[in-house]
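Trainee: For reference, the structure I am asking about is given below.
The values are calculated or read from the model by the stated rules, or taken from the named source; none is laboratory data. None of the values given here were measured: they were computed from a predicted structure. Note that each Cβ is placed from the backbone with ideal geometry, even for glycine, and that neighbours are counted across all protein chains shown. Heavy atoms of the whole protein, side chains included, go into the accessibility calculation; ligands, DNA and RNA do not. Shrake-Rupley method; radii C 1.70, N 1.55, O 1.52, S 1.80 Å.
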Amino acid sequence: MKASLTRIGAVTNKEFKHLLRDVRTLAAVVLLPVIQLLLFAYAISFDVDNVPTMVIDYDKTPASSEYVRAYDASTFFKVVAHGDTLNQVDTAFDANTARVAVVIPAGFGETIAAGDKAQVAVLIDGSEPNSAKISQAYSVALNQLYDQSMTKSWAASQGLDLSGIGALEPRVRTWYNPERNSTIFLIPGLMAVIIAIVTVQQTAVTLVRERALGTEEQLLVSPMRRTELMVGKLLPWTLIAFIDVVLVILLGMAVFGVPLRGTPLVLALGSALFVFASLGMGLLISAVAPSAETANIMALMIAFLPSFLLSGLAFPLDQIPVVLQWISGIFPARYMVTIARGVFLKGSGFAELWPELLTLAGYALVMVLVAARLYGRKARA
Amino acid sequence: MQSTSPGTSAISARGLHKSFGATEAVIDLDLDVATGAVYGLLGPDGAGKSTLIRMIATVLAPDAGAAEVFGHSVTDQRGKVTPRIGYMSQRFSMYPDLSVAENLEFFATVRGVGRADRNSRAKSLLESMGLAEFADRQAQHLSGGMKQKLMLASTLMHSPDLLLLDEPTTGVDPVSRREFWRILASLHREGRTVLVATPYMDEAERCTHIAFLDRGRIRQSGTPEQIKARVPGRLLEVASAEPRRTLAAVIALPGVDSAHLFGDLVRVLWTGAADPIEALIAGLGGTDASLTVRAANIDMETVFAYLAENAPADAAAVGS
């Protein structure tokens, strides 16, 4: 036992030396998660705001100006241009300078003053469906609000009191993420993806490197067992992955205001198990890949893509085809995404998350054992 | 060093066989290496030297046959074999980003050498090999000869009884090669057994026993003297102004077994009955006034060239 620990310690010590002397890798594993988080969080945000909006006001009355101000006042639309003809909308959409156009017909002010229902046209660039859908919804909502306030002011001008009239108004409340801010929703999930990228990618090449250096044979003539080599190699990367986890969590909380509602202990345990599972997966790749290039590509294919697309991070798991749902079950990222979101947003604990924690633990164990077995079979061939 | 019961050979292999795809690297090979020998495995690239050494070093599993090191099977008793062997692979196989001292430290630690022994052995090995001042240099910044010495030092850290060295001097400059063999000679004096593969025929003379491998089989084996004795006749060197023309003329003469160019000289293996110097001068006389003939010692290069050309019929037949 003592001899075994000595050998594991020697490997861990050596791996740290490799890492500390390889400035580029070191920078990559510490800085990449931060850069990835910032990039992903800003780029992948599904929120829509400041949509460039063009206004074509054929009416040019105080009423129409006031209507346009309602758009300007919302954070959702941003009036970037005023046009004179409809042709300019085409040009602006083509040039991507505007994605929404509000066209106010002549006579708008008169119609409203007469107490009739005025019409405006809202044109939306549909080439980006997500923003288009949201733009449409916002625009409708905005018009309703404006409509109500105009109705009230019209009623007031006519000396009517509408407050007594009963009106049914739905009160919709979104739980956990009241602003439905997608960044808050994404960051806990991104944590899982970033851990997966760092750990799988880095460990995927580690055993291949021993083979390429020829040092594998020297290790084969030593009494060191394969699992000792693997555990020795896992330890430094576990530490690095943990540093990354902490970095991502702190950044998420400080910069993006992600709330941490649950107990950090559950999150730490989940992260540890997920790190081990990912490292095990990396070792597995390393054990079977013939070259570092292949190992890298395999790592990308089986770590990055599934943890991004099949973890529930980008697409809700219950909305993807059933076959893909099954496939997502064999990649550990989905369990981690569930754990991270549960702890961060819902304040979940062991009581709710034990199935995911248990699955990750089993996953990690199986990965390392299978990797050790396959690695041994590959050597001495 | 562990004591070795008398009469136990260091290596005993029977019927070793290994194929890589359609290529038979080692074919039904027997090998016996006595304890304390410096056993040279000679042969061209692809002869099977590395495959043979790697099987004995336990890093490659044979397809068939068995091998024992100090009486322990290399396949079933690896744990008893590896502590007693030091294996140096043909390729440089140390960590390039670790220093000389760190490489020694790491490999000795995983091989179970205690801390006190590690430090004292590393110190004395580096000193005896002239590497002491480079202890803190990263392995990737060492010269070719120093890299080989580092590998040998690493191989010796756990004080093995048997050294398996796969072409340790290939690609190393002549001075470093001599230096390397000086170290091997001192290991021999300490009583260690050495199995060393080399493509250099001149290194065969430094071995106590040699085997010549070709296409997966041992073609010749014995002491260097025994093997030299298998070449009949005498070796002569002919210097002339036009060596190529001289070579053509020499081959036609009676009594000449074979001849080949050796630099600017023509080397002639003489198996005739007459005095070769007189016969050659007489036979070549008149064509070249600058012609001189002198006797030369038979070297391993000539021996193996002769033995390869005159390979026993059975060996030649099965080797193809």
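Trainee: Looking at A:Phe76, A:Val23, A:Leu284, which one has the Cα that reaches farthest to the positive end of the dipole of chain A (charges on Cβ: Lys, Arg +1; Asp, Glu -1)?
Mentor: A:Leu284
Trainee: Would you work out if the protein assembly as shown is rounded, prolate or oblate? Take a ≥ b ≥ c from the square roots of the eigenvalues of the alpha-carbon gyration tensor; rounded if a/c is under 1.5, else prolate when a/b is larger than b/c, oblate otherwise.
Mentor: Since a/c reaches 1.5 and a/b is larger than b/c, the shape of the protein assembly as shown is classed as prolate.
Trainee: Using label points projected 7 Å from each Cα along Cα→Cβ, tell me how many nm separate B:Thr208 and A:Leu317, to one decimal.
Mentor: Each label point lies 7 Å from its Cα, and together they span 6.8 nm.
Trainee: Please calculate how many Å² of accessible area the protein assembly as shown carries per residue, with a 1.4 Å probe and no DNA, RNA or ligand atoms counted.
Mentor: Per-residue accessible area for the protein assembly as shown comes out at 48 Å².
Trainee: What is the dipole size for the protein assembly as shown, taken about its Cα centre, with +1 at each Lys and Arg Cβ and -1 at each Asp and Glu Cβ, in debye to the nearest 20?
Mentor: 2160
Trainee: Counting only protein heavy atoms and using a 1.4 Å probe, what share of the accessible area of region B:58-192 belongs to carbon plus sulfur, as a whole percent?
Mentor: Carbon and sulfur: 48 percent of the exposed surface of region B:58-192.
Trainee: Something else now. Find the percent of Cα-Cα distances in region A:1-108 that exceed 19 Å, and round it to a whole number.
Mentor: Counting every Cα pair in region A:1-108, those more than 19 Å apart make up 66 percent.
Trainee: Which angle between 0 and 90 degrees, to the nearest 10, do you get for helix A:23-43 versus the longest principal axis of chain A when only C-alpha atoms count?
Mentor: It is inclined by approximately 20 degrees.
Trainee: Give the value in nm², to one decimal: projected area of the alpha carbon convex hull of region B:48-133, averaged over all directions.
Mentor: 7.0
Trainee: What is the Cα coordinate range of region B:93-166 on the first, second and third principal axes, sorted by size from largest, in whole angstrom?
Mentor: So the extents along the principal axes, rounded to whole Å, are 27, 26, 21.
Trainee: Need one number: nm distance between label points at B:Arg178 and A:Ala121, each 7 Å from Cα along Cα→Cβ, rounded to one decimal.
Mentor: Roughly 9.8 nm, to one decimal.
Trainee: How big is the dipole moment of chain A about its Cα centre under a simple scheme where the beta carbon of each Lys and Arg is +1, that of each Asp and Glu is -1, and everything else is neutral? Debye, nearest 20, please.
Mentor: The calculated dipole for chain A is roughly 2480 debye.
Trainee: Provide the FRET efficiency to the nearest 0.05 for the B:Ser19-A:Met1 pair, computing r from the beta carbons and using R0 = 41 Å.
Mentor: Taking R0 as 41 Å, the efficiency between B:Ser19 and A:Met1 is 0.55.
Trainee: Given R₀ = 45 Å, what would the calculated FRET efficiency be for B:Arg115 paired with A:Phe350, taking r from the Cβ atoms and rounding to 0.05? Provide the component values of the computation, followed by the final result.
Mentor: Numbers: r = 43 Å, r/R0 = 0.96.
The value I calculate is 0.55.
Trainee: Provide the solvent-accessible area of A:Ser222, counting protein heavy atoms only and rolling a 1.4 Å probe, rounded to the nearest 10 Å².
Mentor: It works out to around 10 Å².
Trainee: A further question on this structure: Round to the nearest 10 and give me the degree value, 0 to 90, for the angle of helix A:2-21's Cα axis relative to the longest principal axis of chain A.
Mentor: Taking Cα atoms only, the helix is inclined about 50 degrees.
Trainee: Please arrange B:Ile281, A:Ile184 by accessible surface area, largest first, computed with a 1.4 Å probe and ligands excluded.
Mentor: I get B:Ile281, A:Ile184, largest accessible area first.
Trainee: Same structure again: Would you mind pulling out the separation of the Cα centroids of region A:58-100 and region A:346-373, in Å?
Mentor: Cα centres, region A:58-100 to region A:346-373: 53 Å.
Trainee: Take the Cα coordinates of chain A, assign each an equal point scatterer, and use the Debye formula without solvent to give log10 I(q)/I(0) at q = 0.14 Å⁻¹.
Mentor: -1.13
Trainee: Give the share of C-alpha pairs in each 5 angstrom bin for region B:232-297, from 0 to the last occupied bin, in whole percents, shortest bins first.
Mentor: Whole-percent P(r) values from 0 Å outward: 4, 21, 37, 27, 10, 1.
Trainee: B:Lys80: which lysines have alpha carbons under 21 Å from its alpha carbon, excluding same-chain residues fewer than 8 sequence positions away?
Mentor: Qualifying lysines at Cα under 21 Å: A:Lys2.
Trainee: Just the ratio, please: alpha-carbon radius of gyration of region B:165-245 over 2.2 N^0.38 Å, N its number of residues.
Mentor: For region B:165-245, the normalised Cα radius of gyration comes out at 1.37.
Trainee: Sticking with this one: Give the average, rounded to an integer, of partner chain Cβ atoms located within 10 angstrom of each Cβ in A:216-229.
Mentor: Average neighbour count from other chains, rounded to a whole number: 6.
Trainee: Considering only A:Val122, A:Ala10, A:Leu38, whose Cα is most displaced toward the positive end of the charge dipole of region A:1-144, charges sitting on Cβ of Lys, Arg (+1) and Asp, Glu (-1)?
Mentor: A:Ala10
Trainee: Considering Cα pairs under 8 angstrom that are at least six residues apart, work out the relative contact order of region B:1-117 and quote it in whole percent.
Mentor: It rounds to 23 percent for region B:1-117.
Trainee: How long is the gain from A:Tyr58 to A:Arg373 if the chain were fully straight, where each residue apart is worth 0.36 nm and the alpha carbon distance is subtracted?
Mentor: Between A:Tyr58 and A:Arg373, full extension yields an extra 105.8 nm.
Trainee: Okay, next question. Taking every DSSP beta bridge that has both residues in the protein assembly as shown, what percent is antiparallel when rounded to the nearest 5?
Mentor: 60
Trainee: For chain B, what mean projected area does the convex hull of the alpha carbons give, in nm²?
Mentor: With every direction weighted equally, the projected area is 19.4 nm².
Trainee: At q = 0.25, 0.32 Å⁻¹, what log₁₀ I(q)/I(0) does a Debye calculation on the Cα points of region B:202-248 give, no solvent, two decimals?
Mentor: Taking Cα atoms of region B:202-248 as identical point scatterers yields -0.89, -1.17.
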